[in-house]
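Here's the structure we're looking at; comments come further down.
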Amino acid sequence: MFEKDAPAPLAARMRPRALAEFVGQQHIVGEGRALRRAIETDAVPSLILWGPPGTGKTTLAEVIARATESNFVALSAVSAGVADLRAVVADAKRSRAVGKRTVLFIDEIHRFNKAQQDAVLPYVEDGTITMIGATTENPSFEVNSALLSRSRVYVLHALTDEDVELLVRRALADRERGLGTQNVVLDEDALEALVRLANGDARVALGTLEFAATAAPVDAAGARHVDRALVADALQRRIVAYDKKGDNHYDTISAFIKSVRGSDPDAALYWLARMIDAGEDALFIARRIVILASEDVGLADSRGLQIAMAAQQAVHFIGMPEGFFPLAHATLYLATAPKSNSVGRAYAAALKDVEETRNDPVPLNLRNAATGLMRKLGYGSGYRYAHDDYAFAGARGDLPPAERLEDYLPENLRERAYYEPGEQGEENKLRAWIEERRKPGEPL
């Protein structure tokens, strides 16, 4: 029987106590790495550990404190305030006076406001405390620059499946802290499912294992048999490291956009499915698809914008989960459509002239003559209505004066050419028309 009052969850009990037990993150704590040498020589600077949940941030902080024989104080930025920080600093000063260092671990440091971060800064700078902050958010945006400049930032990666499997097997065998005395039998396919569904999060893997083992029936031999179905039931669904306001949100939509732009329908669908599975706002995805339709397909296939807008309206109308149909429809259309970024390039070129050249008045012939005074001042004078007078509407080329339109740009920009058609799809057909229109001719 399991103890009803277990001192801590399995994940906490199995937390490594020394570097030799630490699993994963060999790129920062492997043999010969700078941080490992700093730990072994008791020269650890203040750190910020940035990575997904369950990758060992808290564990590494505790290992460092134990290895350097320092006092270890843990605070959560969710509940701690400036008063708590001051109390830790006061204790750290007393410990320092007798030659004992203090490691202050701040979990979720990104939740500290500027005043709280500023409160700890002087004591990091003068060495009263060695601060180790843990965050799942990009510290470049969430931690102030002064604190960042006094800390080393280390990026932790999601554990590999091999890492998670090692931790699970270790927990099953450990008779002191794990499940070694509980006679838990984990099927191989259940182990495979557990590792895969944990998605690189050791805490999730061990927590699910413990729950499944607790719920497993005891057979005649006293064994607790955990099969694949029990693992799936204990976990309910795959853990997704996705925050709709965090880095995963931006990284995944970036991968989606680049896949569509690169005409890879398979990758585009995969990233779309990742976002939908993680609960991303469907209308956010739809808005990005509408932008893609003009930014990356544009006039190479103008139907792309129509389909993107239809998808947005459809998602708004039917909602989720069925909304994946129009989103996937538009994604596949845009990914396989010819590509052109001429819309954005043309606008950027025009905007550059707007920002960097004199904004001349609108030519008189292009102004609207709404009143008699305006007509007397020459508003609209000489304007020639293209539909009535010209065989080649808008032409500047070497055509008879009666068949040419005047220029529509201000005089100082008469020779500008902003729109350059691409060579794919429908735009390729526009090239000859645009080139003919832009042929130089005599002023009207």
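In the list A255, A268, A241, which residue meets the criterion of being at pLDDT 85 or above and closer than 30 Å to V143 by Cα?
On the way: A268 fails: closer than 30 Å to V143 by Cα; A241 fails: at pLDDT 85 or above.
Within the list A255, A268, A241, the selection yields A255.
Taking the condition more than 26 Å from I434 (Cβ to Cβ) and not assigned by TED's automatic domain parsing to the domain that holds P421, does A349 pass? Steps first, please.
On the way: more than 26 Å from I434 (Cβ to Cβ): no; not assigned by TED's automatic domain parsing to the domain that holds P421: yes.
Spelling it out, it is not the case that A349 is more than 26 Å from I434 (Cβ to Cβ) and not assigned by TED's automatic domain parsing to the domain that holds P421.
Just to verify a result, which residue in the range 63-90, among those that are under 18 Å from P45 (Cα atoms) and out of contact with any strand residue (DSSP E or B) (no Cβ under 6 Å at 6 or more places or on another chain), is surrounded by the fewest Cβ atoms within 10 Å (Cβ to Cβ)?
Looking at residues that are under 18 Å from P45 (Cα atoms) and out of contact with any strand residue (DSSP E or B) (no Cβ under 6 Å at 6 or more places or on another chain), I get E69.
Looking at the range 91-106, which of its residues are of a type outside the set (V, I, T) and surrounded by 22 or more Cβ atoms within 10 Å (Cβ to Cβ)? If you could, list the steps in order and put the result at the bottom.
Narrowing the range 91-106 to residues of a type outside the set (V, I, T): 91-97, 99-101, 104-105.
Those that are of a type outside the set (V, I, T) and surrounded by 22 or more Cβ atoms within 10 Å (Cβ to Cβ): A92, L104, F105.
Any residue in the range 340-352 that is under 19 Å from E415 (Cα atoms) sitting within a Cβ distance under 9 Å of a residue that is of a type in the set (A, V, I, L, M, F, W, C) and surrounded by fewer than 16 Cβ atoms within 10 Å (Cβ to Cβ)? List the pairs, counting only those 6 or more apart or interchain.
Every condition considered, the pairs that remain are A349/A417.
Provide a single number: the residues in the range 111-130 that are in a helix (DSSP H, G or I) and either crowded, with 20+ Cβ neighbours inside 10 Å or not basic (K, R) (or both).
Looking only at that region, the number is 11.
Among the residues of the range 29-44, is any within 20 Å of L167 (Cα to Cα) and buried (at least 20 other Cβ atoms within 10 Å of the Cβ)?
Yes: the range 29-44 contains one or more residues that are within 20 Å of L167 (Cα to Cα) and buried (at least 20 other Cβ atoms within 10 Å of the Cβ).
In the range 402-415, which residue that is surrounded by 13 or more Cβ atoms within 10 Å (Cβ to Cβ) and more than 14 Å from N365 (Cβ to Cβ) is modelled with the lowest pLDDT?
Among them, the one singled out is E403.
How about the range 1-110: which strands (runs of 3 or more DSSP E) wholly inside it have at least 2 residues that are at pLDDT 90 or above? Step through it out loud before you land on a result.
Details: elements: 47-50, 71-76, 102-107.
Of the strands (runs of 3 or more DSSP E) lying wholly inside the range 1-110, those with at least 2 residues that are at pLDDT 90 or above span 47-50.
Quick one: how many residues across the range 323-362 are buried (at least 16 other Cβ atoms within 10 Å of the Cβ) and outside any helix (DSSP H, G or I)?
Residues in the range 323-362 being buried (at least 16 other Cβ atoms within 10 Å of the Cβ) and outside any helix (DSSP H, G or I): 6 in total.
For the range 300-320, give me the residue count where each residue is outside any helix (DSSP H, G or I) and touching a Lys or Arg at 6+ places or on another chain (Cβ under 9 Å).
Here is the first cut: in the range 300-320, the ones outside any helix (DSSP H, G or I) are 301-302, 319-320.
If we keep only those that are touching a Lys or Arg at 6+ places or on another chain (Cβ under 9 Å) too, we end up with 301.
Residues flagged as outside any helix (DSSP H, G or I) and touching a Lys or Arg at 6+ places or on another chain (Cβ under 9 Å) within the range 300-320 amount to 1.
The values are calculated or read from the model by the stated rules, or taken from the named source; none is laboratory data. Everything quoted here is computed from the prediction, not taken from an experiment. Please note: Cβ atoms are built from the backbone with ideal geometry, for glycine as well, and neighbour counts cover all protein chains shown.
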